[in-house]
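The structure appears right after this line, and notes come after that.
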Amino acid sequence: MNTRRTRAAAVLVALSVLALAGCGGDDNDKSSKSDLEVVVNPNDAATGVPVPERRFFAEDSPWNTRIDDEGVDPKSSQMINLARERVGVVQHVGGGQFYRDRRIVDKGVYINTERWTTAVVAGGTPTKLVCRQLVCGDGAKTTVLSIPSDVDPDPRYDGWFTVFDVSEPVAYDLWRARREDDGSISYNYMRKWDLNGPGYQAPQMNSARGSGLPLFAGLIRPNELRAGLISHALAISVPGPAQSVFVQPASATDGNGRVNSLPEGARIRLKANVTVPTPIDPITHKRIKLTAQQKRMSDAIVAALRTYGAIVVDRAAVPTLYAQRDVTNDMISGNELLGLHLEDFEVIKLGQRYRFPPEDEASLGLLTTPSSSASPTSSPSSSAGAGQ
Amino acid sequence: MTNVSMTRRARRNGAVALALAGVLLLPACSHDNNRGATDLVADAQAREYDAELATQRQVQQANEALPDRPSGQLDIDGSSTISLTPAEVDAYQDTGTNTTINLNENGEDKAFQELCAGKIDLVSSLRPISRSEWDACQSVGLDVVQFQIASDAIVIAIKSESDVGGDCLTTDQVQDIWRAGSPITNWSQVGLDDVPLRVGGPQLSSTDFQVFGKSVLGSLAPALTDVRSDYFTYDNFDQARRFINGGPRYIRRALKYPELARERGVFKSELTTARQVLADARDELHAALAERAKGFRDKRSPADKAKDEARVQAAYVARTKARQKVHDAKLVLRHAEDRLGVSTTAKRFVDRTLGHVIYARFSDYELFEDQLRPFEISLPDGQRNCVFPSQATITGGDYPFSSQMLITTTTRSLDRSEVKDFIRHYLNASQAAAADASLVSLPDQTLRAELAWLDGTRQPVLVVPASNGATTTTDDPEASDTATPDTAQPAR
């Protein structure tokens, strides 16, 4: 059914210099077409000295602020250690019952470039979007978006898909999306994001990620690699983020680690004295030889991890960074930073901790016995970036 | 207990008297000029009130005719399939309570009948009260309250990181895929990709099979004859994982395939190189031998002959070394091919598991979520609503294959201290008991709300099943101003 997975002509989005700087002005600007610039093929677009892509979200967004001089949380080491714990499943000797087991993950930082990362598209042909639930987050008001016909979500990896609307600076994150036979895209959940907004939501709001954060925020993008300059925080997933607790900019959590572990939304940065060792192949246990390009590009990522840090967005088997799907795997292979480990990071002082789900008195009455509500999965937010 | 009942009856009588007074006052208040129309309306209203009063009198009489509940005794009936109730009854009795609890297992239908006849206090069930059962309760003036104890769900899943061309199945499709005599052997038959389909699940004796048989296949007494004959059964989830994705050992081996294929290529290339070196060494030896023979024929000087001989000896050494290298390279290649063969077999085995589908209880899915890819499930009728199995959608009852473990009682029974004490004990133990039984525990806030109903700090929510089978509840006033949380919690 879904065999048209041509990725060669994947589309990436670059924001022009004026795109974000010019938004947020008067209301008249909002009706005019934005300055979003769409580069159809990064290879074709690369002429002369590469220019890094513009940043998403407002300048004061947590994604866009430097943290290299921020204070370290007093419990930084403890949180980092607990974040390395992965909840596993073990069967009792002789079969029978399984029980949860916690194991320390000592693997290095991996960069997803194909599997379990987000495709970002813009432009293309008007494509019908079909919500498979009665209500799919922000999907009610968005039934058609321009999407390239040759780039599809990959259902094998939860169908993460981000669509930029070039007519106004917004992006749509889709979860469990799939290209159907008729060319439409069906999905289970949508969240709309204002590219001029803060890049996060009010506490207790969900998104296509368990942390409530945008799928595309903190992605390593192709022109950033090409230019060797990443000027925003990166998204990172860790093996055991805290359960039931998050800090902003996260607005929810799917963490399953210990409560005192690193919460989703926490910001971590590379320690100042860390040098990146040569990566070792986990299968062959041999040193991985990096090309000059790989070294240059991984230097840029390491610099970003030091200056802007990384925001914990999800849980994953190993510490994981995310590069834009389809358009970065010919630049980096993903194993460049295997020499880096979570212990090489420190946690920036945490803000207020929120419980998830909330336990405030108002939510006590929310009920209990089976409800006939038409859509328990509906979202109260139909606007972009419900944020602050 | 009798005093409490009398008090309630007195309240009810007072309400009836007030309603009667209202009816009598209505005509006196109407002094409109348009007498004809007003009279008609007033007559209709009066008839309506009369009918309502008559109904209320009947309800009141029926309520008064209900048998009194014996003090110090608690009667429970219902289903014991995946029920925490029997164990909690035992645990409660062990606390030294003076209350005697009679627990029967006459099934849910009978239990709800008994509840609405005022003969028992609690129904332990896996389903909410139906509209007709609720009507029966209402007809004798009994309001119904349901306490959720825990939840469970059946998850339909294929292996993680695989795709059969769709994300959502209807309950009917799932039933069709598993039922006895099912002709479905390919996912294309349910509108998805052309991928062979094989179904699996636990053995007949397992609780999972019983839950699946009842909640998915609609069987009253699940048996192996309810499922297709090529149904793959497994004893434990380790076997299930082998069925659905090949199992960790095969996966590990299959994952090595690209590296081993590359390694085999490298060793093959090294063998080719070694063979070339051997061929060159042989050529050199032939050349050296020919040169030495020519030296003899040409009667070269002893020094030149010595050089020719040295060249021959060196060529022999080089050929021997080259032969050894070829031999070694062959061995290395053979070992690499053996490893690749194992990996290839594993890869084929793993690849053949594409399209295998199992059902699992939600607790198993949670344990192995990194290895399973669940389907969203939709009801077959009405607008498509594909619901992903999650804690929220299961606890809320929105996921079609979810079931709620409920304790149903009436406000009449809830006035009894014996009932309240037992339910309080049950609720307080429910989270740990649910976890032990691999069920979905109550969320903290739900538990606190239900306990508040018992403490009297919050009015209990009355159940009102809709005629279409859906269940509604009376509003909790403190909940009404609160925005419904965005419960569609996407999972990894």
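Each reported figure results from applying straightforward, stated rules to the coordinates on display, with no laboratory input. This structure is a prediction, so every number in the text was calculated from the model and none was measured. Because the Cβ atoms are built from the backbone with ideal geometry, glycine has one as well, and the counts that use them run over all protein chains shown.
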Across 5 Å bins from 0, what is the distribution of all Cα-Cα pair distances for segment B:161-217, in whole percents?
4, 18, 25, 24, 17, 11, 2
To the nearest 20 debye, what charge dipole does segment B:54-181 have about its Cα centre, counting +1 at the Cβ of each Lys and Arg and -1 at the Cβ of each Asp and Glu?
320
Under 19 Å between alpha carbons, and skipping anything fewer than 8 positions from A:LYS349 in its own chain: which lysines qualify?
A:LYS75, A:LYS271
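Per residue, how much space in cubic angstrom lies within the convex hull of the C-alpha atoms of chain B?
Numbers: hull volume 120.2 nm³, N = 492.
It is 244 Å³ per residue.
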Stokes-Einstein D for segment B:42-126, Kirkwood Rh over Cα pairs, 10 °C, 1.306 mPa s (µm²/s):
104
Long-range amide H partners of A:VAL259, meaning residues 5 or more apart or on another chain whose placed amide H is closer than 5 Å, are A:GLN243
Give me the orientation-averaged projected area of the Cα convex hull of segment A:129-188, in nm², one decimal.
4.0
Kindly write out, for segment B:304-310 in residue order, the coupling ³J(HN,Hα) from the Karplus curve 6.51 cos²θ - 1.76 cosθ + 1.60 (θ = phi - 60°), rounded to whole Hz, with x marking Gly and Pro.
5, 4, 4, 5, 4, 5, 4
Calc'd 3J(HN,Hα), segment B:221-232, phi into Karplus 6.51 cos²θ - 1.76 cosθ + 1.60 (θ = phi - 60°), Hz, glycine/Pro = x, comes to 9, x, 9, 4, 5, 7, 10, 4, 6, 8, 5, 7
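Relative to 2.2 N^0.38 Å, what does the C-alpha radius of gyration of segment A:292-347 come to as a ratio? Two decimals please. Write down the numbers at each step before the final one.
Values: Rg = 11.7 Å, N = 56, 2.2 N^0.38 = 10.2 Å.
Dividing the Cα radius of gyration by 2.2 N^0.38 Å gives 1.15.
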Cut-off under 20 Å on the C-alpha distance; same-chain residues fewer than 8 positions from B:LYS305 excluded. Which aspartates and glutamates are left, in chain and number order?
B:ASP283, B:GLU284, B:GLU291
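Highest mean first, how do A:74-81, B:209-216, A:248-255, B:455-462 rank when packing is the count of other Cβ atoms within 10 Å averaged over residues? Mind dumping the intermediate values first?
Numbers: A:74-81: 17.4, B:209-216: 21.5, A:248-255: 26.4, B:455-462: 15.6.
My ranking of the peptides, most packed first, is A:248-255, B:209-216, A:74-81, B:455-462.
Need one number for segment B:247-387: average projected area of the convex hull over its C-alpha atoms, nm².
Numbers: hull surface 53.3 nm².
Its Cα hull, projected and averaged over all orientations, spans 13.3 nm².
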Please list, ordered by chain and number, the residues whose modelled amide H lies under 5 Å from the amide H of B:ARG384; skip anything fewer than 5 residues away on the same chain.
none
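Is there a pair in A:LYS295/B:LYS347; B:LYS256/B:LYS321; B:LYS268/B:LYS321 whose C-alpha atoms are over 23 Å apart, and which pairs would that be?
Numbers: A:LYS295/B:LYS347 33 Å; B:LYS256/B:LYS321 32 Å; B:LYS268/B:LYS321 18 Å.
Going by Cα-Cα distance, A:LYS295/B:LYS347; B:LYS256/B:LYS321 fall outside the 23 Å limit.
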Could you tell me the largest-minus-smallest coordinate of the C-alpha atoms of segment B:360-422 on each of the three principal axes, in descending order and whole angstroms?
47, 33, 15
What are the ³J(HN,Hα) couplings of segment A:63-74, residue after residue, when phi is run through the Karplus curve with 6.51, -1.76, 1.60 and θ = phi - 60°? Round to Hz, x for glycine and proline.
5, 10, 9, 6, 9, 5, 10, 6, x, 8, 5, x
Starting from the Cα coordinates of segment B:162-274, work out the convex hull volume and express it per residue in Å³.
134
In deg cm²/dmol, rounded to the nearest 500, the helical mean residue ellipticity at 222 nm of chain B, built from -39500 (n - 2.57) for every DSSP H run of length 4 or more, is -17500 deg cm²/dmol
Can you give the three extents of the C-alpha atoms in segment A:90-240 along their principal axes, from longest to shortest, in whole Å?
59, 41, 34
Would you please give the residues with an amide H less than 5 Å from that of A:THR127, counting only those at least 5 places away or on a separate chain, with H modeled from the backbone geometry?
A:LEU145, A:SER146, A:ILE147
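Can you tell me the mean projection area, over all orientations, of the convex hull of segment A:174-291's alpha carbons? Units nm², please. Let's see the in-between values first.
Working: hull surface 46.3 nm².
Reported value for the Cα convex hull: 11.6 nm².
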Proximal lysines relative to B:LYS119, as straight alpha-carbon distance under 28 Å, when same-chain residues fewer than 8 apart are discounted:
B:LYS110, B:LYS214, B:LYS420
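Can you give the translational diffusion coefficient of segment B:397-458 in µm²/s, computed by Stokes-Einstein from the Kirkwood radius over Cα pairs at 20 °C and 1.002 mPa s?
On the way: Rh = 12.8 Å.
The calculation lands on 168 µm²/s.
Could you compute how fast segment B:82-178 diffuses translationally, taking Rh as the Kirkwood radius over C-alpha pairs and applying Stokes-Einstein at 37 °C with viscosity 0.692 mPa s? Give it in µm² per second. If you can, show how the numbers build up before the last one.
Details: Rh = 17.0 Å.
Estimated diffusion coefficient is 193 µm²/s.
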